[in-house]
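Enquirer: Would you mind keeping the following structure in view while I ask a few things?
The values are calculated or read from the model by the stated rules, or taken from the named source; none is laboratory data. Keep in mind that what you see is a predicted model, and the values were worked out from it rather than measured. Every residue, glycine as well, gets a Cβ built from its backbone with ideal geometry; the counts of neighbours run over all protein chains shown.
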Amino acid sequence: SGQAPGHRFFIGAAYTKDYFGWGGTTVSAFWESRTIGNASYTFAADMNGDNGNNDLIYVARDQSEMNFTSFSSGGRTFSPAEQAAAWDAYIKQDKYLSTRRGQYAERGALWLPMVHRLDFAVAQNAFVNLFGKRNAFQFRVDIDNFTNLLNSDWGAGQRTVAIFGQVLTNPTTDSQGRSAYRLRTVTTANGTELIKNTFEQTAGIPDVYRVMFSLRYTFN
């Protein structure tokens, strides 16, 4: 399935103790490891003429089975040989594709790496008697994605560099009736280049740590 939830593991723990004699201190933590999602390695257009853009790619055994067409992008021209070498290197670095040489990619088999995050919180209660009734103040500090606070590379998710896993683009048929295609390019600091990596780090709000302070007053 292209929308499979994948695996999810989590554990939570909390400990409360009255260190000061006027209110308990609670320390809590929540750890979660989960798969962000999955995709399929498909052509970025209709390869087999069925008017659908979901045709699974064939993973070549070696460069001799590849059939790229020359094209220009970003002021550069990419030859078939250059694309074949880059695609072969891409397959080697891809944990899934490297096991599918000589076969078609499977539907929904491109899984995003699991993300591991730890949330941490400390809450301090203070109980006071006002007008003969017990009231309480609570000061709380929450650190979402505490793992990212410890290390900027931790707690961040990843996504596919090629949208929806569509690494091979502009599929067509050559004069011999063989499938032909191009390798996707990406824009980098060095200009337009052929794709090299399966994943890249995301940079959304959940990928960075957040510290929140709160004060609550409970009265009778």
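Enquirer: Take ASP144 and decide whether it is of a type in the set (D, E, K, R), under 26 Å from the mean Cα position of the chain (by Cα) and buried (at least 17 other Cβ atoms within 10 Å of the Cβ).
Expert: Working: of a type in the set (D, E, K, R): yes; under 26 Å from the mean Cα position of the chain (by Cα): yes; buried (at least 17 other Cβ atoms within 10 Å of the Cβ): yes.
Judged against the criteria, ASP144 is a match.
Enquirer: Across segment 46-63, which residue is modelled with the highest pLDDT among those that are within 24 Å of the chain's Cα centre (by Cα) and part of a loop (DSSP other than H, G, I, E, B)?
Expert: Restricting to residues being within 24 Å of the chain's Cα centre (by Cα) and part of a loop (DSSP other than H, G, I, E, B), the top hit is ILE57.
Enquirer: So, one more: Where residues in segment 191-215 are among the polar types (S, T, N, Q) and in a strand (DSSP E or B), which of them is surrounded by the most Cβ atoms within 10 Å (Cβ to Cβ)?
Expert: Within segment 191-215, the subset among the polar types (S, T, N, Q) is 192, 197-198, 201-202, 214.
Of the ones still in play, those that are also in a strand (DSSP E or B) are 192, 201, 214.
Details: THR192: 14, GLN201: 12, SER214: 11.
Selected residue: THR192.
Enquirer: Follow-up question, since we're still on this one. Determine which member of the set ASP50, ASP18, ASP55 is among the acidic types (Asp, Glu), more than 15 Å from THR169 (Cα to Cα) and either in contact with a Gly (Cβ under 6 Å, 6 or more places away or on another chain) or buried (at least 16 other Cβ atoms within 10 Å of the Cβ) (or both).
Expert: On the way: ASP50 fails: either in contact with a Gly (Cβ under 6 Å, 6 or more places away or on another chain) or buried (at least 16 other Cβ atoms within 10 Å of the Cβ) (or both); ASP55 fails: more than 15 Å from THR169 (Cα to Cα).
Exactly one of ASP50, ASP18, ASP55 is among the acidic types (Asp, Glu), more than 15 Å from THR169 (Cα to Cα) and either in contact with a Gly (Cβ under 6 Å, 6 or more places away or on another chain) or buried (at least 16 other Cβ atoms within 10 Å of the Cβ) (or both), namely ASP18.
Quick grid of which residues meet (1) closer than 19 Å to ARG159 by Cα; (2) surrounded by 14 or more Cβ atoms within 10 Å (Cβ to Cβ); (3) touching a strand residue (DSSP E or B) at 6+ places or on another chain (Cβ under 7 Å); (4) touching a residue at least 60 places away in the same chain (Cβ under 8 Å):
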| position | (1), (2), (3), (4) |
| --- | --- |
| GLY23 | no, yes, yes, yes |
| GLU32 | yes, yes, yes, yes |
| ASP62 | no, no, no, no |
| MET66 | no, yes, no, no |
| GLY74 | no, no, yes, yes |
| GLN103 | no, no, yes, no |
| MET114 | yes, yes, yes, yes |
| ASN129 | no, no, no, no |
